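The numbers here are math on the coordinates, done by the rules we state, and not lab data. Since this is a predicted model, take the numbers as computed values, not measurements. All Cβ positions, even for glycine, are placed from backbone atoms using ideal geometry, and neighbour counts span all protein chains on display.
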Amino acid sequence: MRRVKVLETVAQVQAWRASLAAACKVGLVPTMGFLHEGHLSLLREAKSRVNGGKLVLSIFVNPTQFGPHEDLDRYPRDREGDLQKAAACGVDMVFCPRSPDELYPGPTAVWVDIEGLGEHLCGATRPNHFRGVCTIVSKLWAVVRPDVSVFGKKDYQQLAILRAVQRNLFFPLEVVGMPIVRESDGLAMSSRNANLDETSRRQALAIPRYLETVRQRFASGQRRVAELIGDAEDKLAPGSIAYVEVVDTTTLQPVSEIRRPALLAVAVHFGGVRLIDNTELLP
């Protein structure tokens, strides 16, 4: 198997990008690594959209999107395994910053923040999380200058926010969202699944079962949110719920009755591991 090109500095990436022909399209998939099939589906989609151009993967566990008591130090890492998977997907270049200082040069901190879309769901319980996400993705877009950047819909709120960043800061690229990829038993694929022990992994299946229960209620005609999700605590036991909300898919604001496209989004801790998932509810 061919070895993929690995670059570790902003200057190297900028020089690589400048060396490409003007007509060469570039696709970028930003990740924090520990790749699974969900990530690989994003890479394959990006590859298909650049029409023979170049595919870039970034691997960087971004410290600014983690809170002080979150799992930054425990976030799983597997650089060699990631590079092998990247090569198999046809990745042309992997940007692995050698340290956070490479993307956060001092002494002045510059942030990209957003209002409104980050108030609820993950934003309500993870202060400054989306400021970190918006900032790092904006930096990657500025350095790599992709024509298309692909993200998964498991992080639905993140996708909506990054689309707003692209529009409002006039980044000349297309932001593409791809469906959630699930394990055979229904659990949404996540790098954090690797931190679940056997018991917690089994308990976490309460999440996809709960989403299916709510989808069935919705399909039967129920539109009042209180009736749709009122038993979340029982259905998701023994997990510790961070949030269970139904929000408008455009504004991400909570709704009490579904009259237009909505999103059921959940974040639940099992065995100390925070898992998120969602499903769209379309009238």
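Each eigenvalue of the Cα gyration tensor of region 157-218, multiplied by 5 and square-rooted, gives one semi-axis; in descending order these are 31, 16, 9 Å.
Using θ = phi - 60° in the Karplus curve 6.51 cos²θ - 1.76 cosθ + 1.60, the 3J(HN,Hα) couplings for region 249-260 round to 5, 8, 8, 6, 8, x, 10, 9, 9, 8, 10, 9 Hz; x is entered for Gly and Pro. Pair-distance distribution of region 109-254: all C-alpha pairs, bin width 10 Å, starting at 0; shares per bin in whole percent are 10, 32, 35, 19, 4, 0. Please give the helix 37-49 orientation as an angle from the longest Cα principal axis of the chain, in degrees from 0 to 90, rounded to the nearest 10. It works out to around 50 degrees. Spacing of the modelled spin labels on R163 and A237, each 7 Å from Cα toward Cβ, amounts to 3.8 nm.
Residues V266, V175, arranged from fewest to most other Cβ atoms within 10 angstrom of their Cβ, appear as V175, V266. Of the residues A15, A87, A46, the one that moves most in a GNM of the chain with alpha-carbon contacts below 10 Å is A15.
Could you state, as a whole-number percent, how many of the C-alpha pairs of region 50-155 are farther apart than 17 Å? Percentage above 17 Å: 62.
Computed over the alpha carbons of region 2-46, Rg followed by Dmax gives 12.5, 32 Å. Dividing the Cα radius of gyration of the chain by its Kirkwood radius returns 0.97 for Rg/Rh. How far is helix 156-168 tilted, in degrees, relative to the longest principal axis of the Cα atoms in the chain, given as a value from 0 to 90 rounded to the nearest 10? Computed tilt is about 50 degrees. Can you give the angle from 0 to 90° between the axis of helix 129-144 and the longest principal axis of the chain, with both taken from C-alpha atoms, to the nearest 10? The two axes meet at around 30 degrees. Short to long, the 10 Å bins of the Cα pair-distance histogram for region 191-281 hold 17, 49, 26, 7, 0 percent of all pairs.
Please work out the FRET efficiency for the pair A142 and N51, using the Cβ-Cβ distance as r and a Förster radius of 25 Å; give the result to the nearest 0.05.
Working: r = 23 Å, r/R0 = 0.93.
Taking R0 as 25 Å, the efficiency between A142 and N51 is 0.60.
Peptide packing for 267-277, 129-139 was compared via the average number of neighbouring C-beta atoms within 10 Å per residue; ordered from the highest value, the list is 129-139, 267-277. One Cα centroid belongs to region 112-154, the other to region 25-52; the line between them spans 17 Å.
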